[in-house]
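Contents: one structure, followed by commentary.
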Amino acid sequence: MNSELLATCSALGYLEGDNYHKEPDCLESIKDLIRYLRHEDETRDIRQQLGATQILQNDLLPIIAQYPQEKMLYEAVIRLLVNLTQPALLCFGKVPTNPTFRHHFLQVVSYLQAYKEAFANEKVFGILSEKLYDLLQLDWEQRQEEDNLLIERILLLVRNVLHVPPEPEEEKNVDDDATVHDKVLWAMHMSGMDDLIKFLAASQEEQQWAMHILEIISLMFRNQNPEQLATTGQAKTEQEKENESRELEILKQRELAAKKKRTFERGTRHSRFGGTYLIRGLKSIANRDVVSHMVVHKFKNYSHDCGKKASKVPKRKQAAVEVESKRRSALNVRLFLKEFCVDFLENCYNRLMYVVKDNLIREKAQEHDETYYLWALPFFMRFNRVYRFRPELVSETVSIRVFHFVERNITNYYEMMLTDKAAASSWSRRMHLALKAYQELLSTINEMDHSKDGNLRESARVIKCNIFYVMEFRELFLTLFRKFDATKQPKSFLKDLVETTHLFIRMIEKFCKGKNNLFVQRKNVKKKKPKPKQLVPASSEKSQEELEEIWKTTSEQLGKCAEGQEVLPEDLVPFDAASETPVEEQRAEAMIRIQDAMLAGKATEALVLLRAAREVWPEGDVFGSSDLLLEEESELLRQILFANLPRLPAVEVEESEEFRDEEIEEEETESVRVTESEFNFLDYLKRFANVGVVKPYVLLLKDYQQNSAHTNHCIVKMLYRIAYDLKMDALLYQLSVFHLFSCILEDPAASAYQELVKFSKYVLNRFFTLAANNSKAFVELLFWKNIATIREMTEGYRRDEESGTNKRTPTWTSEEEQELETLYLRFKEEDGDKDVIDNIMEHIKNETRTRKQIAAKLVQLNLVDSIKDVKRVKKGTNIVLWREEQEMELETLFVEFRGSDDVLDNIMKNITHKRSRARIIDKLISMGLVSDRKELYKKRRKLTKAESQEGEEDSLNDVGYDPSRGLSEEEEEELDEDDSSEDERGEQNIKSRPRCATKGDGQKTGGREPDPAIPALCCKLKQQGLTGPLLWLQNCLNRTADKREDDGTLIAVPLVPLSEENEDAMEHEVFQELLKKVGIRPPADEQESFWRISANLSALQLRKIASVIALQDGGGEGGTAEEGHGNVSADRKSEALRALVMARERRAASAKGSDDKPEGRTKGAFESASGSDSDTKSDSEKTKAKHLLKRSRVFDSDDEMDDRGLSIEDTTEVEAMEDSEPSSEVSDSELTHRVVKRCRQAIEDDDDDDDIN
């Protein structure tokens, strides 16, 4: 045990006899224990250590018993007790599957069981009851928040104690024996806690504790049977006596049968057949008679499975385990619980259930709290029905709304059980609770229907009318039967489902008897398939005389139109806007529509369509020119009428039923319409004549010996309805059912199951009568049958030519069969992208044949064994295993291409046996060549300057940008639209754009120059005093060019002006015009705030533009646009660079003068981070520039290139480079690029120094 925890427990006090002596710091020690529990680990180590020391039994309970008057101490102990008795499921979240955590879970449960035994004390519950009583005596005005909190904690403590599960050994006790749970209940009764619980349930002022009270009551009556409680203290009824005598008779008959069998097995003397003998007619593995070593009287039990090891059933196929266990408590406890139920029904039930349901509907409760409501409803309603049926005591839960609430929860639990498969068993138990509630509601309505009170019978009739009317209530049982899963739902659920279905069918049968006007709700689902287009016969199918008659009528109508006697229709469109065919390709269809209109006698419509088609398709004068007269239009319409226009053939191909399931289904529009129809009981019963319903019934019937007499009656009654009323006894002709019937008939206690025996004989007699006429009936026993199979089995099997499906099978002539066989033999050995059937479909004469029809005929002609042989082969490879030489090849390729940009792509191109990317990655990881699949991702290679120049022309061509002429207004608008989402696209633009071009293209690209208007605009801006913003713009362009060259990414970069000077410049009209000429677009929408350097500009283009701006910036006012456009001399270039360096030195000197520290040189270079924006910054602002530098690399801040101050050595080197004459091989942009590179190097070196410091 932890030493600190042990010291804290020791500081509580000590127990001397029956008196407990607390230490002075007892209260603080209890608070420390609460803090320890709050910070315990996932194994709940603190809880286990406290349970091992029995602190609850030895310290906490004696403290509240000895010092109840100390309020602070009492509340702290109650708080600690609530924490310690918390259910293990809440501590661990769920039952752990890990063995280690499951051990800790069981350990915590064992400590909780010890706690529960300690609470089985009247004195403890007496103290809790007294405190709770004093708190409830306070009015709401006097009650404090601490008082309400203490009430809730006491209720939670009682809940936790009752929630503790029983010990496994205790479950083995016989009925009427007192358990720990019974002792706790008795202590609650003797202390008066049960009366306080009833008061809280009935009080209108204490409604906030309704959910706690209902949970406590449900735990109190755990494992109790309401029928047994209702009959406690009464004499046994005749029914109970009859049931007990029946059970004794069954046991007696089975015991006599077993005794008789043992007598026959023991002979009076030694059997002469005790040796080895042959069993004639029973073959062994060697196909000879079986050699038996058993005595003769055991021959009936012989089986080939004797001695074999039983196969283990997989966990996913094991039957669901029953979790509920019913036992009878001690008599005094049952009497007390019975009295509690009676008082609760008379005073509390209706009010409490109303409040709880209101909380559930308004979602004021916690998750799954509706299960307590679903438990209380059937328990107390059944108790009321068995004890003294008084419907007014449960009137709150006898209504249509409650039926709907329960049905909705059943449906919800059913859907969750299918979707949440990990917690399917939990959802199944909740669905079982809801089903019990539904069953008890029906039982109560049925009891009201048999009442002597006319008002009750009328109320029951109204409720039944509403229940039977709603379709969901009738369909519920069919759904539950068809989706029953024995691996998730236990037999008890199936038993309640069978009994509830039996009651519902009996009630609806009685309700319908003698009534012909029962109307129920019904939903009609109509499936609307798209109607096939009815093609009008082509004009070629009509004779010349018929066409002349049609034209005569058409010409008369056109003449009336010319005279104005007929009005031309409006809003006729010659094309189908909803068609997938483009409008440009619908000219032929428009011509056909014009012809169809004339064939249908609608000349005016044809004329309007002709004129509309002329406007839509004016090119080529296909529908005539725009200046046609009416006579010319009439002649054109005559030509269209007599023309033989090509039409699609109207061919309907009927396909065989065998391959129809493999066709792609057409889209169907379902329209659901709710109607009323007259209810037919037999039609409703026919829906239960289904294999999905019969199987669960047979499964439950296998346990007929353990079932109650009522359950067996419900099973037999349903099977009798199917076999006798519906004449569907063939549905039970199944070998497993007959084996069950055989067991029932051979049961020694068969006299106790007369109903089962009678029904079994009836079904067997019907089968053997049928087998006399149908010899195949014995084979049919091996299969479950549907209605069609049953009809064939009883009425006779149909021949193939009588089958409805074969009537629709397309016929093949002998010539077509010969052609198909020839084509198959021709193409079956050919390899290629197309398979055999594809080649056959291309060369077969009858083009209406489908793939399914050809495949079916190939199988029929025995050219292929199965349709699977001619299925399309999926692309890919089925190679899974790796051979040793393949692994060596993979390793060699990996070593060869390890340094390449795309290792995986190179391996896939060069590997001999082609495999998928996923398999190659998995194999590389399994071989240990790579540890993570990310190592195989394609690397982003930094583009060199040469590669950037080579890809420049293609990049510019993609965006349609010509730097020699700048951007026109239309191109600027397109640029704004194209770049509006560049920040979201990011690096995807690079992959869709070619990155390399030929060498010749690169030379052409290098010859292009920026817009000639840029120098003039720069001079104009300089004259207006905007030299600083121009220098800032030049730095931003150079920095963006560096970033794009290093990363190889083309992303739109925002320009973020941080100084007032630059912000004012961004609003200047001339400066904005310069930005547009450069290729910087304005904000695309309200979501963007800054101008952005377009992603369509490459690094080389940006440097050229920046060099033009730099030259104009340093060339004085006399610089012209032509000078900036032409070749710049070295003197002018050196002058510009020298001016830039001198400006930086002045700012660095001023910064150094304001700071006397030795590192002023380096620091001063950084503190001038925004010197171009403002020279009046304070020392505190300059010290922050160093930290803002990294941020400025994300956004394009002001003068970042100026911020990257140059050291003295760099300055000297730059000046030396400027003084020297540049060689002709070095371009202007490359010279500027060198200066920028050195500035960046200075920044990175200083960053490294800061990281080291």
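The values are calculated or read from the model by the stated rules, or taken from the named source; none is laboratory data. Since the structure is predicted, the reported quantities are computational estimates derived from the model, not experimental observations. Note that we place each Cβ from the backbone using ideal geometry, even for glycine, and neighbour counts take in every protein chain shown. Only protein heavy atoms, including side chains, enter the accessible area calculation; ligands, DNA and RNA are left aside. Shrake-Rupley method; radii C 1.70, N 1.55, O 1.52, S 1.80 Å.
Table for the structure above
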item	result
Unique residue being under 30 Å from MET193 (Cα atoms) and either open to solvent by 50 Å² or more (accessible area, probe 1.4 Å) or modelled with pLDDT under 80 (or both) when the list is GLN239, GLN228	GLN228
Those residues of the stretch 163-205 which are open to solvent by less than 10 Å² (accessible area, probe 1.4 Å) and within 19 Å of GLU130 (Cα to Cα), in sequence order	VAL184, LEU185, ALA187, MET188, MET193, ASP194, ILE197, LEU200, ALA201
Filtered residues of the stretch 181-208 (kept if within 20 Å of ALA365 (Cβ to Cβ) and either touching a residue at least 40 places away in the same chain (Cβ under 8 Å) or part of a helix (DSSP H, G or I) (or both))	ILE197, LEU200, ALA201, ALA202, GLN204, GLU205, GLU206, GLN207, GLN208
Neighbours by Cβ (under 7 Å, 6+ apart or cross-chain): first from the stretch 66-80, of a type in the set (Val, Ile, Thr) and at pLDDT 90 or above; second surrounded by fewer than 18 Cβ atoms within 10 Å (Cβ to Cβ) and part of a helix (DSSP H, G or I)	ILE78/ARG153
Residue match in the stretch 144-160 (condition: of a type outside the set (Val, Ile, Thr), open to solvent by less than 10 Å² (accessible area, probe 1.4 Å) and under 17 Å from CYS341 (Cα atoms))	no
Residue identified as surrounded by 20 or more Cβ atoms within 10 Å (Cβ to Cβ) and not hydroxyl-bearing (Ser, Thr, Tyr) among ALA7, ALA88	ALA88
Matching residues, the stretch 841-856, being farther than 11 Å from TYR824 by Cα and assigned to a helix (DSSP H, G or I)	GLU842, ARG851, LYS852, GLN853, ALA856
Residue within the stretch 889-899 that is surrounded by 12 or more Cβ atoms within 10 Å (Cβ to Cβ), part of a helix (DSSP H, G or I), at pLDDT 75 or above and among the aromatic types (Phe, Trp, Tyr) present	yes
Breaking point among (1) under 45 Å from the mean Cα position of the chain (by Cα); (2) closer than 26 Å to LEU12 by Cα, for HIS104	(2)
Unique match (being farther than 17 Å from ILE217 by Cβ, under 31 Å from the mean Cα position of the chain (by Cα), open to solvent by 20 Å² or more (accessible area, probe 1.4 Å) and of a type in the set (Phe, Trp, Tyr)) among TYR438, TYR414	TYR414
So PHE125, is it at pLDDT 90 or above and more than 41 Å from the chain's Cα centre (by Cα)	yes
Where a residue in the stretch 15-35 is free of Cβ contacts under 8 Å to residues at least 12 places away in the same chain and its partner, wherever it lies, is loosely packed, with under 14 Cβ neighbours inside 10 Å, with Cβ under 7 Å and at least six apart	HIS21/TYR14
Complete set of residues in the stretch 544-556 that are open to solvent by less than 50 Å² (accessible area, probe 1.4 Å) and more than 17 Å from VAL608 (Cα to Cα)	LEU547, ILE550
All helices (runs of 4 or more DSSP H) inside the stretch 1-93 with 3 or more residues being of a type in the set (Val, Ile, Thr) and under 27 Å from ASN148 (Cβ atoms)	71-84
Unmet criterion (only one of (1) at pLDDT 80 or above; (2) open to solvent by less than 60 Å² (accessible area, probe 1.4 Å); (3) farther than 30 Å from LEU335 by Cα) for TYR277	(1)
Residue match in the stretch 595-602 (condition: basic (Lys, Arg), open to solvent by 40 Å² or more (accessible area, probe 1.4 Å), at pLDDT 70 or above and not in a strand (DSSP E or B))	yes
Filtered residues of the stretch 462-472 (kept if open to solvent by 60 Å² or more (accessible area, probe 1.4 Å) and modelled with pLDDT under 90)	ASN466, TYR469, GLU472
Segments classed as helices (runs of 4 or more DSSP H), wholly inside the stretch 1022-1113, with at least 3 members that are in contact with a helix residue (DSSP H, G or I) (Cβ under 9 Å, 6 or more places away or on another chain) and closer than 22 Å to PRO1012 by Cα	1027-1047, 1069-1078
Any hit, the stretch 384-395, residues being crowded, with 20+ Cβ neighbours inside 10 Å, of a type in the set (Val, Ile, Thr) and at pLDDT 90 or above	yes
Lone qualifier among ARG266, ARG222, ARG254, ARG262 - being of a type in the set (Lys, Arg), modelled with pLDDT of 80 or more and farther than 30 Å from GLN366 by Cβ	ARG254
Test: residue in the stretch 499-509 that is among the acidic types (Asp, Glu), in contact (Cβ under 8 Å) with a residue 40 or more places away in the chain and open to solvent by less than 30 Å² (accessible area, probe 1.4 Å)	yes
Complete set of residues in the stretch 465-508 that are of a type outside the set (A, V, I, L, M) and assigned to a loop (DSSP other than H, G, I, E, B)	LYS483, PHE484, ASP485, THR487, LYS488, GLN489, PRO490
Residue match in the stretch 158-166 (condition: closer than 18 Å to ALA65 by Cα, out of contact with any His (no Cβ under 9 Å at 6 or more places or on another chain) and either of a type in the set (Asp, Glu) or not in a helix (DSSP H, G or I) (or both))	no
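Residue by residue, here is whether (1) free of Cβ contacts under 8 Å to residues at least 60 places away in the same chain; (2) open to solvent by less than 30 Å² (accessible area, probe 1.4 Å) holds:
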{"site": "ALA606", "(1), (2)": "yes, yes"}
{"site": "ALA612", "(1), (2)": "yes, yes"}
{"site": "TRP617", "(1), (2)": "yes, yes"}
{"site": "SER626", "(1), (2)": "yes, no"}
{"site": "ARG638", "(1), (2)": "no, no"}
{"site": "PHE642", "(1), (2)": "no, no"}
